[in-house]
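The values are calculated or read from the model by the stated rules, or taken from the named source; none is laboratory data. Keep in mind it's a predicted model, so treat the numbers as computed, not measured. No Cβ is skipped: glycine too gets one built from the backbone with ideal geometry, and neighbour counts run over all protein chains shown.
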Amino acid sequence: MIATWGELRTRDELKHVFFIPCDSHGLQLLMQDLLSLPTIVSVFKRAASIVSYFNTAHLQLAKLRALQQRFYKKELSLLAVVSTRWGTQYRMLMSVKRSEQALRAYFTTHTDLGEAGRELATVANYHKFWGQLNELLVLIEPLDEAIRMSESGGANLMKVVCRWMSLRAHIQQCQEGSSLGKDLAEFIPHDLTPRIDRQLTDLHWAAFYLDPKNHSSKTPITKRDQVIRTIQKYCVSPDNIDASAEAIDEFFTFRGRQGSFFKSVCWDFIDNPIRFWRMQVSTP
């Protein structure tokens, strides 16, 4: 996908078009990256095997549901992963976690399990599996939430950078004291950082720094250059050869809250970027 729009944006007739990677797709690719890590893929496959075992055996499922009624006073579904539906990986893992007590009881009290059932009984009665499942859920819950947020009607370009930076900070934090830590320590520099660099374009960084809430955020030289490139590309006018230079000056005036931005009424709308910029444009 990125290669396709990378090719399209080089065409003269499309230079005025914003080409932006699909954030939801990028986040789902990040989910797939994480679920392919050695320790994580082992936990994920074991959980998926439990779901598959019950969803393909009606008698065993009925027995499990009886245990769910005893422990939870209701039946809980075991949700399978649907490859074409984003976010189903997290919901599958959570459905196994919600039925932990009933699953443990099932594999402890029933002896007519068959070969597949006996293998899963070893998993279900293995404390390390449930501990790693908890760690995995903690790891990917914010990512699942980010996917849903990226698909909401309130999503916009200004939120993308913050979303990815928050996820990176969360993944870094999940390294500490976790059985997943070794995999994550290798994943962050070799996979996560390159994916973020591919996902966040110059336009994303320009949108981030044009968000009034971020006006005082530090601007590293590399990010500043990305913003300047964006302004130079899009802030052009056939009637004003200095349009991009003037726009760059305005950008840094805004960042420093100087000039026309010094005591402008637009700052009363810092939480509403559209109203903020409309107010600034309309202020004499």
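Counting only residues that are over 19 Å from Phe19 (Cβ atoms) and in contact with an Asp or Glu (Cβ under 9 Å, 6 or more places away or on another chain), which one in the stretch 182-205 is surrounded by the fewest Cβ atoms within 10 Å (Cβ to Cβ)? By that ranking, first place goes to Asp191. It is to be established whether one or more residues within the stretch 113-123 are more than 30 Å from the chain's Cα centre (by Cα), modelled with pLDDT under 90 and not in a helix (DSSP H, G or I). Yes - at least one qualifying residue is present in the stretch 113-123. The residues listed here are Asp239, Asp211; of these, the one that is surrounded by 17 or more Cβ atoms within 10 Å (Cβ to Cβ) and of a type in the set (Asp, Glu) is Asp211.
Only one entry of Ser152, Ser216, Ser166 meets the criterion of being in the same structural domain as Arg98 (by TED's automatic domain parsing), among the polar types (S, T, N, Q) and either more than 23 Å from Gly87 (Cβ to Cβ) or at pLDDT 95 or above (or both), and that entry is Ser166. Within the stretch 76-89, is even one residue touching a His at 6+ places or on another chain (Cβ under 9 Å) and outside any helix (DSSP H, G or I)? Within the stretch 76-89, one or more residues are touching a His at 6+ places or on another chain (Cβ under 9 Å) and outside any helix (DSSP H, G or I). Residues in the stretch 75-91 that are free of Cβ contacts under 8 Å to residues at least 40 places away in the same chain and in contact with a helix residue (DSSP H, G or I) (Cβ under 7 Å, 6 or more places away or on another chain): 8 in all. If the condition is being in contact with a Gly (Cβ under 9 Å, 6 or more places away or on another chain) and part of a loop (DSSP other than H, G, I, E, B), then the stretch 41-75 contributes only Ala57. The residue of the stretch 165-189 that is nearest to Phe44 (Cα to Cα), among those that are more than 18 Å from the chain's Cα centre (by Cα) and not small (Gly, Ala, Ser), is Leu180.
Quickly run through the stretch 140-182 and pick out the residues that are hydroxyl-bearing (Ser, Thr, Tyr) and part of a helix (DSSP H, G or I). Across the stretch 140-182, the qualifying residues are Ser150, Ser166.
Kindly check whether there is at least one residue in the stretch 10-18 that is closer than 29 Å to Ser152 by Cβ, part of a loop (DSSP other than H, G, I, E, B), among the β-branched types (Val, Ile, Thr) and not assigned by TED's automatic domain parsing to the domain that holds Arg168. Yes, there is a match, as at least one residue in the stretch 10-18 is closer than 29 Å to Ser152 by Cβ, part of a loop (DSSP other than H, G, I, E, B), among the β-branched types (Val, Ile, Thr) and not assigned by TED's automatic domain parsing to the domain that holds Arg168. For the stretch 148-167, a residue qualifies if it is buried (at least 16 other Cβ atoms within 10 Å of the Cβ) and closer than 20 Å to Phe187 by Cα, and the qualifying residues are Val161, Arg163, Trp164, Leu167.
Among the residues of the stretch 59-95, those identified as among the polar types (S, T, N, Q), under 18 Å from the mean Cα position of the chain (by Cα) and surrounded by fewer than 18 Cβ atoms within 10 Å (Cβ to Cβ) are Ser83, Thr84, Thr88. (1) touching a helix residue (DSSP H, G or I) at 6+ places or on another chain (Cβ under 6 Å); (2) modelled with pLDDT of 95 or more; (3) farther than 17 Å from Leu61 by Cα: which one isn't true of Met94, the others all being true? Here Met94 meets the rest and fails (1). The numbered conditions (1) of a type in the set (D, E, K, R); (2) surrounded by 14 or more Cβ atoms within 10 Å (Cβ to Cβ); (3) outside the structural domain of Gln172 (by TED's automatic domain parsing) are all true for Asp225 except (2).
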